[in-house]
Amino acid sequence: MLRRKKKEEYSNYIKNAEECVASKVFPLSIAAGFQSGDIYADDKGCVMFWHYCGFVFLTGNITDEVLEEIYNDFLTADTSRRFIIITDSEYVKTYYETRGNLQFEGRINYTHSSPVKPQELSDGSITVERITADNIGMIKGRIIPSFSWENEAQFLENGFGFMARQGDVFAGVAFSSAVSPDETDIGIETGEAFRHKGLASYLSYKMCEEIKARGKTPTWTHVLSNEGSRKTALRVGFEPVRRNIVIQKET
């Protein structure tokens, strides 16, 4: 049976997070104490990392029994937040394909290779600045710091990013959606009126520069159907390294 671990025990699971093939940055962000989330483990060697944003990663000895428990108690139940399994395991996929009420989608992982600098912004009315306590309240949209950080204070202490605006109007943001000791995953959002103008690439490039200046590796992920995210990733020097499987309750 999976048991929820106390926060003071989280550092004991850093090694397990590092062994998570589907992604290390999200599990490590929890185990290393940078971001919020839950860690569950059983007495047979299976560990489950449930990030604040709702992403779930399994590692270790994954058995039918634990998958059945997850299906009943988390995957198809009404949970406190989203519960979305991201896995590289064909075993997990095959097990859940025999069950109902679930949907499946591919998810691409990227790592950063050689930076490709995008063109400068052509619209001189747009300004780009670091995210601070003074401007974080302007950020609007879905994939923004509140997507993966429990509160503003936590983000401002452990995360970072850049915001674009046109006067007092929010234009776009690129930020650390997940932070580990070695990697930083990039989240990106642009306002509807500012899309298809190179802003996403410009902000993403600035994030890549900042992440590497901090001695870490930039990472990027998106669901297979997100063509805009794929194009942005390739423009700024990312290359695909893995295709994972996303499993969640049917909507």
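The values are calculated or read from the model by the stated rules, or taken from the named source; none is laboratory data. Bear in mind the structure is a predicted one, so any value in this text is a computation, not a measurement. Glycine also receives a Cβ, built like all others from the backbone with ideal geometry; neighbour counts cover every protein chain displayed.
For region 199-225, which residues satisfy the criterion of being within 17 Å of V241 (Cβ to Cβ) and outside any helix (DSSP H, G or I)? Listed by number, the residues that qualify are K216, T217, P218, T219, W220, T221, H222, V223, L224. Within region 131-142, residues that are closer than 18 Å to K206 by Cβ have Cβ atoms under 6 Å from residues that are assigned to a helix (DSSP H, G or I) in these pairs: I136/E152, counting only partners at least 6 apart in sequence or on another chain. Only one of the numbered conditions (1) assigned by TED's automatic domain parsing to the domain that holds H222; (2) surrounded by fewer than 16 Cβ atoms within 10 Å (Cβ to Cβ); (3) in contact (Cβ under 8 Å) with a residue 60 or more places away in the chain; (4) among the polar types (S, T, N, Q) is violated by S125, and that is (3). Within region 123-162, the set of residues being modelled with pLDDT under 95 and acidic (D, E) comprises just one member, D123.
Condition check: touching a strand residue (DSSP E or B) at 6+ places or on another chain (Cβ under 9 Å), touching a residue at least 60 places away in the same chain (Cβ under 8 Å) and farther than 20 Å from V241 by Cα. Does Y96 satisfy that?
On the way: touching a strand residue (DSSP E or B) at 6+ places or on another chain (Cβ under 9 Å): yes; touching a residue at least 60 places away in the same chain (Cβ under 8 Å): yes; farther than 20 Å from V241 by Cα: yes.
Considered against the rule, which asks whether it is touching a strand residue (DSSP E or B) at 6+ places or on another chain (Cβ under 9 Å), touching a residue at least 60 places away in the same chain (Cβ under 8 Å) and farther than 20 Å from V241 by Cα, Y96 comes out as yes.
Here is the figure for region 176-210: residues that are within 15 Å of the chain's Cα centre (by Cα) and either of a type in the set (V, I, T) or at positive phi (or both) total 4.
Scanning region 1-60 for residues that are in contact with a Lys or Arg (Cβ under 9 Å, 6 or more places away or on another chain), surrounded by fewer than 17 Cβ atoms within 10 Å (Cβ to Cβ) and on the phi < 0 side of the Ramachandran plot yields N12, E18, V21, D43. Contact annotation: residue pairs with Cβ atoms under 7 Å, 6 or more positions apart or on different chains, pairing a residue in region 79-93 that is touching a residue at least 60 places away in the same chain (Cβ under 8 Å) and closer than 17 Å to R242 by Cβ with a partner that is charged (D, E, K, R) and buried (at least 18 other Cβ atoms within 10 Å of the Cβ), are I86/R107. If you go through region 100-116 and pick out every residue that is surrounded by 14 or more Cβ atoms within 10 Å (Cβ to Cβ) and in contact with a helix residue (DSSP H, G or I) (Cβ under 9 Å, 6 or more places away or on another chain), you end up with 5. Given the condition touching a residue at least 24 places away in the same chain (Cβ under 8 Å), closer than 13 Å to I188 by Cβ and of a type in the set (A, V, I, L, M), answer yes or no: does some residue in region 236-248 qualify? Yes, region 236-248 has at least one match.
When only residues in region 128-139 that are out of contact with any Leu (no Cβ under 8 Å at 6 or more places or on another chain) and surrounded by fewer than 13 Cβ atoms within 10 Å (Cβ to Cβ) count, which is nearest to F55 (Cα to Cα)?
Looking only at region 128-139, we keep the residues that are out of contact with any Leu (no Cβ under 8 Å at 6 or more places or on another chain), and these are 129-130, 134-135, 137-139.
When the remaining residues are screened for being surrounded by fewer than 13 Cβ atoms within 10 Å (Cβ to Cβ), the result is 129-130, 134, 137.
Numbers: E129: 29, R130: 26, D134: 29, G137: 25 Å.
It comes out as G137.
For region 55-72, state whether one or more residues are within 14 Å of the chain's Cα centre (by Cα), part of a loop (DSSP other than H, G, I, E, B), within 17 Å of K5 (Cα to Cα) and modelled with pLDDT of 95 or more. No; the residues of region 55-72 include none that is within 14 Å of the chain's Cα centre (by Cα), part of a loop (DSSP other than H, G, I, E, B), within 17 Å of K5 (Cα to Cα) and modelled with pLDDT of 95 or more. Note down all Cβ pairs under 7 Å where the first residue falls in region 197-214 and is closer than 15 Å to D185 by Cβ, the second is among the small types (G, A, S), and they're at least six residues apart or on different chains. What qualifies is L203/A164; L203/G172; L203/A174; S204/A174; M207/G161; M207/A174; C208/G237. Taken together, T221, T217 contain a single residue that is more than 30 Å from D73 (Cα to Cα), under 15 Å from the mean Cα position of the chain (by Cα) and either outside the structural domain of E120 (by TED's automatic domain parsing) or polar (S, T, N, Q) (or both), which is T217.
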